[in-house]
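Here, each number is a calculation from the coordinates, and none is a lab measurement. Treat the numbers as computed from the prediction; the structure is a model and nothing was measured. So basically every Cβ, Gly included, is an ideal-geometry build from the backbone, and we count neighbours across all protein chains shown.
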């Protein structure tokens with residue numbers, strides 16, 4: 001929404017700049033007519049000496065002013081006619097730019113969804129690997145306990161409780177290594 005308002009503000013700024021340029025041109029035209037006004041005033045002073053009536057002076061001034069206004073209005077309408085095609089062109093350019101930006105944002109969004117999906121898959125894969133490593137270690141410990149019980153032929157609660165303490169509750173790696181060595185020695 002802010003992009004559209006920024007684009008509209010930029011278009012109005014360009015229109016304002018063009019209007020300022022047109023006003024400057026009108027001022028130049030009026031400045032050129034000021035020279036004729038000074039000539040008019042000098043003519044009026046000369047004609048005052050000849051005792052010309054006020055009505056003729058007013059009529060002369062009205063005619064010159066209306067000529068200046070008509071020339072300025074024609075110039076202004078020509079300038080306005082030149083501005084509209086430029087504004088139409090700029091509007092179409094800004095609309096196409098806006099469409100390109102939306103297309104780029106859509107592609108970025110799709111890419112982000114893919115990246116996040118792959119990240120989630122990687123995290124799930126790592127978690128399963130850790131789980132299976134722990135489960136594999138637990139199964140190896142159980143196998144080692146059963147092999148020890150078979151090798152000693154001493155299957156009772158005291159031995160099972162002691163093995164459970166060594167392997168699960170207070171894991172003692174030295175005793176576990178000793179059991180592995182004693183089983184591999186058989």
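What the table shows:
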| read-out | value |
| --- | --- |
| Gyration tensor (alpha-carbon) shape descriptor, the range 60-186, a/c threshold 1.5 | prolate |
| Residue exposure sequence - 141, 172 - by fewest surrounding Cβ within 10 Å | 172, 141 |
| Cβ crowding within 10 Å averaged over residues, with 88-98, 124-134 ranked highest first | 88-98, 124-134 |
| Cα-based shape type of the range 94-166, given that a ≥ b ≥ c are square roots of the gyration tensor eigenvalues and the cut on a/c is 1.5 | prolate |
| Using a Förster distance of 45 Å, the FRET efficiency for residue 6-residue 119 (Cβ separation, nearest 0.05) | 0.85 |
